[in-house]
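Below you'll find the structure, written out as C-alpha cells, and then a few comments.
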C-alpha cells in the first residue's frame, strides 16, 4: 500500500515549523499559491466541516485540497510524483530530476537559455 511521501511540498519525514505553517495555509510551494489539487484533482478536496478534527490543522479553512505531492509504494523505492504542479515545477532550487527535465526541454525545443518562456 502506498504512503504519502510529500504533503504541501514537504517530506513527511522532515516535518518542521515551516512545513506546518505551509500546511495551515494549504500552500503549494511549487505554484506559490494555495494548492489547487494539481489543477485536475478537484475530487481530492476535503470538506473541513465534515471532518471537524482537521480544523486545528487548517485554521479558517472550510475546504482544502488534499495537498499530496508524491507517494511512496515501498520504503526501498523512489517516491512517485502524483501532482502535475510538483512534477513540472522548475522554480527555485532544482532537484537533479528537475534540472534534467529543464535540460531536456531546452535540448528538444530550440529555445534560448536565459529567456523567460511559459508552457
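Here, each number is a calculation from the coordinates, and none is a lab measurement. Keep in mind the model is a prediction, meaning the values are calculated, not measured. Cβ: placed from backbone, ideal geometry, glycine included. Neighbour counts: every protein chain shown.
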_Exposure proxy order (Cβ contacts within 10 Å, fewest to most) of 61, 50_ = 50, 61
*Can you give the Rg to Rh ratio for the chain, taking only C-alpha atoms and Rh from Kirkwood?*
1.02
_Per-residue Cβ neighbour rank within 10 angstrom, fewest leading, 1, 31_ = 1, 31
_Beta bridges by DSSP in the chain, antiparallel share as percent, to the nearest 5_ = 100
